[in-house]
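Chemist: Here you go, one structure.
The values are calculated or read from the model by the stated rules, or taken from the named source; none is laboratory data. All figures in this text were calculated on a predicted structure; none of them were measured in a lab. Here the Cβ positions follow ideal geometry from the backbone for every residue, glycine too, while neighbour counts run over all protein chains shown.
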Amino acid sequence: MANGRRIAAVTLGAAMDRLRVLVLGLGFFGKHWLKEIASCSECEVAGVVAKHPDLLAWAGEEFKIPASRRFTTIAEGLERARAHAVVVALPEMLHKEAILAALGRGLHVLTEKPLVMTMTEAREVVRAARGAEGSTLMVDQNYRWRPQTQTLRKALRDGRVGTIASIGYEFRQAITRMTTDGWREKMAHPFLHDMAPHHIDLMRACTGLECRQVMAVGVRPPWSWYQGLPGVDVILSFEQGVSVAYTGTMVGRGLGTPQDGIITVMGEQGMLRLEADSQVRWYDDKGASEVIPPVPLSFTDQAYALREFLAAIREGRKPETHLEDNVRTLAIVEAAIISVETGMSVAVAPLVAEVLKA
């Protein structure tokens, strides 16, 4: 453990060193992370972990990763890869185990969302992170780092519509991509665990406001190919009296939305909409409209996230989506799950407080 922490501290202080990154998981997102890390001049692939031999063989052939750096267990990878950092791209129910193991060795951690499955697990991670001096922990919320979402965020933060009154958020897609071993298809709340964290986090990021109360209803149409609830209708009460009506489904039919969804923000000075063509438009009550020029980004999605992670390590600061920030997104997800299961409105602040006091 001491040696792992010493390695992380050296990497943090040496801006020119290449960060050796161990990729945990080679599913859909793990493959994307491997490509990003391999193409980044500030990183090198320390190794890969996957339980399926065919995935390890693919990684070895595609990225010239020798057999000595292909591992079938997290413990083996952490022991032998000589990594400075890990990317956690495992099924969500394995996040806690992987994050705690990496922090226990003093490594930096960049994890896919959600951080963990529950606020109880989040409490364990917060406690471990506070004891892992020198380790950076970041959650990838890649929807934040797209030109269209950055444009909406900037327009709202600049006061383009003045005081916000309400937000409508709709997401409809048919997500038929099967996960390895079908883990998502078997979950009780696949939408709330897998898709909603993107959209909920985006609302927080764009408005700069926190959610206070959640009332949610689960939706499962008869044609669903998920065992659990693939859709949800939610009313979220944010600070400053902002009400959000959020509806989403992973088993949509007919006309779908982009990944970001369609977002309508109504304020005292008009309306802003992130629309189906991924353009942000401003509308007034006289029929006038205007396309807001997109915010230019050199990198987007995971590529942006990786560079934010590297910059945070190099500069000794918290990344934008640091642990304590992401706990607030996870708390809204958990409040929605509790609300679906109990039929009650759920306060968010007590869930956050219970974790951050750990």
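Chemist: State whether one or more residues within segment 191-208 are surrounded by fewer than 16 Cβ atoms within 10 Å (Cβ to Cβ), under 19 Å from N142 (Cα atoms) and either under 20 Å from the mean Cα position of the chain (by Cα) or among the hydrophobic types (A, V, I, L, M, F, W, C) (or both).
Modeler: Yes, some residue in segment 191-208 is surrounded by fewer than 16 Cβ atoms within 10 Å (Cβ to Cβ), under 19 Å from N142 (Cα atoms) and either under 20 Å from the mean Cα position of the chain (by Cα) or among the hydrophobic types (A, V, I, L, M, F, W, C) (or both).
Chemist: Looking only at residues in segment 1-35 that are aromatic (F, W, Y) and at pLDDT below 95, which one is surrounded by the fewest Cβ atoms within 10 Å (Cβ to Cβ)?
Modeler: Selected residue: F28.
Chemist: Turning to a different aspect of this structure: When segment 234-259 is examined, which residues are found to be touching a Lys or Arg at 6+ places or on another chain (Cβ under 7 Å) and charged (D, E, K, R)?
Modeler: E239
Chemist: Go through (1) small (G, A, S); (2) assigned by TED's automatic domain parsing to the domain that holds K31; (3) surrounded by 15 or more Cβ atoms within 10 Å (Cβ to Cβ) and name the single condition G316 misses.
Modeler: (3)
Chemist: A follow-up question, please. Quick one: which of V291, V265 is in the same structural domain as I164 (by TED's automatic domain parsing), among the β-branched types (V, I, T) and over 30 Å from M138 (Cα atoms)?
Modeler: Of the residues listed, the single one that is in the same structural domain as I164 (by TED's automatic domain parsing), among the β-branched types (V, I, T) and over 30 Å from M138 (Cα atoms) is V291.
Chemist: Which ones in segment 225-235 are touching a Gly at 6+ places or on another chain (Cβ under 8 Å) and in a loop (DSSP other than H, G, I, E, B)?
Modeler: Residue satisfying the conditions is L229 alone.
Chemist: Now for a different question. Answer with yes or no whether E324 is surrounded by fewer than 21 Cβ atoms within 10 Å (Cβ to Cβ) and closer than 19 Å to F238 by Cα.
Modeler: For E324, the condition - surrounded by fewer than 21 Cβ atoms within 10 Å (Cβ to Cβ) and closer than 19 Å to F238 by Cα - is met.
Chemist: Quick check on segment 148-167: of everything there that is surrounded by fewer than 17 Cβ atoms within 10 Å (Cβ to Cβ) and closer than 22 Å to G248 by Cβ, which residue is farthest from the chain's Cα centre (by Cα)?
Modeler: Top of the filtered list is A165.
Chemist: For segment 36-133, which strands (runs of 3 or more DSSP E) that fit wholly inside it have 2 or more residues that are at pLDDT 95 or above and surrounded by fewer than 24 Cβ atoms within 10 Å (Cβ to Cβ)?
Modeler: Hits in segment 36-133: 43-49.
Chemist: Quick test for you: out of S298, S339, S278, pick the one residue that is small (G, A, S), exposed (fewer than 14 other Cβ atoms within 10 Å of the Cβ) and either closer than 29 Å to L107 by Cα or under 22 Å from the mean Cα position of the chain (by Cα) (or both).
Modeler: S298
Chemist: Kindly state which strands (runs of 3 or more DSSP E) lie completely within segment 236-337 and contain at least 2 residues that are of a type in the set (G, A, S) and more than 30 Å from W33 (Cβ to Cβ).
Modeler: Correct list: 243-249.
Chemist: For residues that are among the basic types (K, R) and farther than 30 Å from I337 by Cα, tally how many sit in segment 100-135.
Modeler: 1
Chemist: Taking segment 160-182 as the search range and keeping residues that are in contact (Cβ under 8 Å) with a residue 40 or more places away in the chain and small (G, A, S), which one is nearest to D201 (Cα to Cα)?
Modeler: Among those that are in contact (Cβ under 8 Å) with a residue 40 or more places away in the chain and small (G, A, S), it is G168.
Chemist: Let me ask something else about it. Being basic (K, R) and under 19 Å from the mean Cα position of the chain (by Cα) narrows it down to one residue among K318, K286; which is it?
Modeler: K318
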